[in-house]
């Protein structure tokens, strides 16, 4: 089964804050990639991270990834 949701960004952030996460601004840097058929420039993506207990910010805890994990836990409970 597939569930699709259309939620405003603030609803996602509020949900994560209620779960005890701290939301912080973050710059995700994607390094340049040069290969035989592909040449991509370096990119900077401005996003947020959701962290708990002084956890360091990283690409692993981008808020949408954390939201997906938390919403899956929530749905398993019901």
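Counting the residues of region 53-67 that are under 15 Å from residue 5 (Cβ atoms) and more than 8 Å from the chain's Cα centre (by Cα) gives 0.
Looking at residue 7, is it surrounded by 10 or more Cβ atoms within 10 Å (Cβ to Cβ), outside any helix (DSSP H, G or I) and out of contact with any strand residue (DSSP E or B) (no Cβ under 7 Å at 6 or more places or on another chain)? Spelling it out, residue 7 is indeed surrounded by 10 or more Cβ atoms within 10 Å (Cβ to Cβ), outside any helix (DSSP H, G or I) and out of contact with any strand residue (DSSP E or B) (no Cβ under 7 Å at 6 or more places or on another chain).
Residues checked against (1) without any contact (Cβ under 8 Å) to a residue 12 or more places away in the chain; (2) part of a helix (DSSP H, G or I); (3) out of contact with any strand residue (DSSP E or B) (no Cβ under 8 Å at 6 or more places or on another chain); (4) surrounded by 11 or more Cβ atoms within 10 Å (Cβ to Cβ):
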residue	(1), (2), (3), (4)
46	no, no, no, no
50	no, no, no, yes
53	yes, no, yes, no
56	yes, no, yes, no
67	no, yes, no, yes
70	no, yes, yes, yes
73	yes, yes, yes, no
76	yes, yes, yes, no
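Number of residues in region 19-44 that are under 26 Å from residue 74 (Cα atoms) and either in contact (Cβ under 8 Å) with a residue 60 or more places away in the chain or in a strand (DSSP E or B) (or both) equals 5.
Any read-out appearing in this document is the output of simple, stated calculations on the displayed coordinates, not a laboratory observation. Keep in mind that what you see is a predicted model, and the values were worked out from it rather than measured. Note: ideal-geometry Cβ built from the backbone for every residue, glycine included; neighbour counts use all protein chains shown.
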